[in-house]
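The values are calculated or read from the model by the stated rules, or taken from the named source; none is laboratory data. Bear in mind the structure is a predicted one, so any value in this text is a computation, not a measurement. Backbone-built Cβ (ideal geometry, glycine too); neighbour counts: all protein chains shown. To get the accessible areas, we keep the full protein, side chains included, count just its heavy atoms, and leave off ligands, DNA and RNA. Shrake-Rupley method; radii C 1.70, N 1.55, O 1.52, S 1.80 Å.
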Amino acid sequence: MINQASTVQTVGGRSPMPSPQLSHRHISHANPKDEGARIPAAPAAAPGSDVITDVVGNFGIWQLRTILIIFLCKIPAAWFMACIIFTAPELYPRTEFTCDTSYLNSSSSSNYSISDNQCYVLDDSSGSRSECEQFTYVSSFDSLIMQFNLVCLRDIFIAWTQYWHLFGVLVGGVMGTKMMLAISPRSTYCVGAIAQILCGVVTGYARDFSLHCAFRCLSAVCCAIMFTAGQAIFTDITAGMHRIGAIILYDTFWSIGVILLPTLSSFFSSWSLIYVGITFPTVMLIVLLYWTPDSPRWLLRHAIDHHSIDNVEQMVREGAEINDRCFKIPPDFRQQLEQLSERLKTAPAPAPWTQLWQGRRAKTHMVAAHLALAFFVINFMGMLLNIRSFGRDYLVPNTIAMGFSEIIGCFLALHFTLKHNKWKWQCAGTFNILAGMLGCMGWLFTGADSMNAELKVSLWMIIATIPKAAVSCAQSMLLACMNELVPANKKQLFVFSVITWARIWLLSAPFFNVLKRIDTALSLTSYSVFSILGGICTCLLLTPRTSTAPVVAQLEQEEQQDKKEQSPLNAPVWTIESDVHNTRL
């Protein structure tokens, strides 16, 4: 920000009452003999600060309102990802589904028998067997499994539908980033919300399995576009540790969506209605866009006429008014916005991807960050879906427990970042290593058939929720703080590279749950090993001392300074030397 010095002239031996906007400006007197009595200039602005941050502040009511509105988009995103838990609950053979042999030759049907699991037709005369091709279902809930016959060996296609959802998240993240090169984040968010409503309804009523997978993928694309654009908005209007805290806590609303999903699903008796139920709350998000600002710096970077500057000026003035910081608006506010717009337009291009490997510890950080986030996102999504292996009767409490463990993990990440900023990576990594070791202890009681069923499930959940909290902690910290590992011109590309790489590997998460067919402990152990490996990679990260990462003590000092500026008791006072050396206000 460029601040021009203001000159205060004495009139009749008195200095005029200074305006609040001048509290941080360099004050000089017209009389040359008073040059030595000049008030010292205010401390330099923080790195990366500009007129927008100076006016609206790092955080306030305006930012809080925007963050809470944008955070809501994580709830339907969680519903679309985890709804498979309740749209495709496990069916029990013989009691809820049986093999229907009516498709066989009626004259020889008496020579056939059905296996106990209702999956095979046995030919008593030849001793051969074949897969059952037709089933009869007896269930009060019309599930996705019943619609597409996803029982027996076909249950692998449940993971296949989840694969297409995760593929949509990958494509949506890239598409949302590219869309924001030409469309503002707020408009991108709105496009994603409208498209999600349409795709979500079609997904629920598709009666062809391929069509269902295709629109489930498109619904995920829309969800990813929404939370990618939403994050671009709230990271632009916040600063310092408040921005890091907002990114860390972004996934808490994802977890709230996971917690609310069992209650929402209980109101519907069909998988199609569940999709409708998780789709239409997005209408509320479109309504709330009225109170959601756009990214001011994006608008300035793409400003083509004075109307764009007018929109940003009006937006920032509204934010300053809501945050009670109107006194921070300088007289030349419009000119400073125009100068900021020119600086943003002429900013140097980001460094190419090959330069991410150059620099001190650059290769270590590149490899460790890419591997760590890949391990964590596979674990984060896969372990939630893995609760289906603990039994259908315990889906509701297990889902809620997983959601709360994710929230605990996010707040642990915030605690490590605020209180142990220097060693936050090592804290999160060590936590994952220890939690992963605990998760591998499932082999101690997996074969205990005499153990009480509820006790066994409780033990499964204990050794699953602790690694889940650890993964949530490390993943949130990586998403919020990994840009500290590289210089400013490499941050954007580094974050994009790490997240995209991790989402590519995320596509494998649903298929690890197939390991439960061998043993429940095997699928859980695979995710626990990922926690250990991700923890080791996280411990290798170290924020450079030259990083511009915010320091907690400095931010607290700035916050106290802001409070002083807002208090009328701390209004700036100028003194001048009169002829009789008296001090006058």
Between Val514 and Phe411, what is the FRET efficiency for a Förster distance of 35 Å, r being their Cβ-Cβ separation, to the nearest 0.05? 0.60
Given a Förster radius of 56 Å and the C-beta distance between Lys422 and Ser102 as r, what FRET efficiency does 1/(1 + (r/R0)^6) yield to the nearest 0.05? 0.20
Counting only protein chains, not ligands or nucleic acids, how are Val396, Val121 ordered by accessible area (probe 1.4 Å), most first? Val396, Val121
Once the principal axes of the Cα atoms of region 330-447 are found, what is the range along each, listed largest first in whole angstroms? 71, 37, 28
Take the cross-link list Lys328/Lys424; Lys424/Lys516; Lys422/Lys490; Lys328/Lys491 and give me the ones stretching past 27 Å between alpha-carbons. Lys328/Lys424; Lys424/Lys516; Lys328/Lys491
Per-pair calculated FRET efficiency, R0 = 51 Å: Asp116 and Trp353 via Cβ, rounded to 0.05: 0.35
Accessible-area value, Ile329, 1.4 Å probe, nucleic acids and ligands omitted, Å²: 20 Å²
Volume per residue of the C-alpha convex hull in region 101-232, rounded to whole Å³: 126 Å³
Computed lengthening from Ser497 to Lys363, 0.36 nm per intervening residue step minus Cα-Cα distance: 46.9 nm
Taking a ≥ b ≥ c as the square roots of the Cα gyration tensor eigenvalues, with a/c under 1.5 meaning rounded and otherwise prolate when a/b beats b/c, else oblate, which class fits region 276-333? oblate
Using a 1.4 angstrom probe on the protein heavy atoms only, could you order Trp271, Trp79 from most to least accessible area? Trp79, Trp271
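Taking a ≥ b ≥ c as the square roots of the eigenvalues of the Cα gyration tensor of region 170-248, is the shape rounded (a/c under 1.5), prolate (a/b larger than b/c) or oblate?
Taking the square roots of the gyration eigenvalues as a ≥ b ≥ c, region 170-248 is prolate.
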Below 8 Å, C-alpha to C-alpha, sequence gap of six or more: please give me the relative contact order for region 132-235 in percent. 35 percent
Quick one: accessible area per residue over region 193-266, 1.4 Å probe, rounded to a whole number of Å²? 29 Å²
If I compute solvent accessible area with a 1.4 Å probe over the protein chains, what percent of it on region 250-358 is carbon and sulfur? 63 percent
Accessible solvent surface per residue of region 54-106, calculated while the other protein chains remain in place, 1.4 angstrom probe, Å²: 34 Å²
Residues in region 266-290 that a label on Val396 would reach, taking backbone N under 16 Å of a point 7 Å out along Cα→Cβ: 266-270
Want the number for Asp208 to Leu344: 0.36 nm per residue separation, take away the alpha-carbon distance, what's left? 44.1 nm
Residue by residue through region 287-292, what is 3J(HN,Hα) from phi via Karplus (6.51 cos²θ - 1.76 cosθ + 1.60, θ = phi - 60°)? Round to whole Hz and write x for glycine and proline. 4, 5, 4, 4, 9, 10
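What's the magnitude of the charge dipole for region 324-408 around its Cα centre, counting Lys and Arg as +1 and Asp and Glu as -1 at the beta-carbon? Answer in Debye, nearest 20.
300 debye
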Round to the nearest 10 and report in Å² the accessible area of His420, as given by a 1.4 Å probe over the protein chains' heavy atoms. 80 Å²
With DNA, RNA and ligands ignored, accessible area of Lys178 (1.4 Å probe; Å², nearest 10): 120 Å²
Where nothing but the Cβ of Lys and Arg (+1) and of Asp and Glu (-1) is charged, how large is the charge dipole of region 296-450 around its Cα centre, in debye to the nearest 20? 720 debye
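If you count only protein heavy atoms with a 1.4 Å probe, what accessible area per residue comes out for region 303-393, rounded to a whole Å²?
48 Å²
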